[in-house]
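Every read-out reported here was derived from the displayed coordinates using simple, explicitly stated rules and does not represent laboratory data. Fair warning: this is a prediction, and the values are worked out from it, not measured in the lab. Cβ atoms come from the backbone with ideal geometry, glycine included; neighbour counts cover every protein chain shown.
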Amino acid sequence: MNLFKSMLPTVALGLFVASSQAQPTHTAVKQPAQQELIDLYFAAARTGNHEVIQEFLKHGFPVDIKNHDGYTALMMASYYGHQDIVSTLIEQGADRCLRDHKGNTALMGAIFKLEWSIAKQLKNVDCDVNAKQTGQKTVAEFAKVIGQDEKLKQLLKE
């Protein structure tokens, strides 16, 4: 971990945050160093490297940054079953209702992978309020499509 810390000093993350805020929000172009940091952040969420996620967040890395597919670290950690990372991201203010480019939330990813303990953590927020108005699936509709509607009903009763 010391090697990682030396590769990711506070200054680098500070520059990332500052330059991200300075860029227009409509641009998808990122500096190569920024993209490398984003890739490391998502790799840590996908592989369950909690220590790396904590290091990023400690230095002010944007918790809800999205990758090229529209995924957030919360979505990745939920899908891959890393409950400790899910907890940390939620504690750091991760938005549970963000949707990827296909309209899926972190809760939907957890349900798809049958990660019910993570789904239980994520269900405490109603992300379906605007789903119908925007033409997106609700969690219940998603669960029904993948054959998990009964399990979701049980989860929601708890």
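Evaluated at q = 0.09, 0.13, 0.14, 0.17 Å⁻¹, the base-10 log of the normalised Debye intensity for region 29-158, with identical point scatterers placed on the Cα atoms, takes the values -0.25, -0.52, -0.59, -0.85. Multiplying the residue separation of Glu141 and Lys102 by 0.36 nm and removing their Cα-Cα distance gives an extension gain of 12.6 nm. Taking a 31 Å limit on the Cα-Cα distance, which of the listed pairs Lys58/Lys153; Lys102/Lys123; Lys58/Lys151; Lys102/Lys157 fall beyond it? Table pairs above 31 Å Cα-Cα are Lys58/Lys153; Lys58/Lys151.
Counting Lys and Arg as +1 and Asp and Glu as -1, what is the net charge of the other residues whose Cβ lies under 12 Å from the Cβ of Gly81? Taking every Cβ under 12 Å from that of Gly81, the sum is 0. The Cβ shell under 12 Å around Thr134 holds other residues with a net charge of +2, Lys and Arg each +1, Asp and Glu each -1.
Each other residue within a Cβ distance under 14 Å of Lys151 adds +1 if Lys or Arg and -1 if Asp or Glu, for a net charge of +2.
The simple Förster model, with R0 at 41 Å and r as the Cβ-Cβ distance, assigns Gln133 and Glu51 a FRET efficiency of 0.50.
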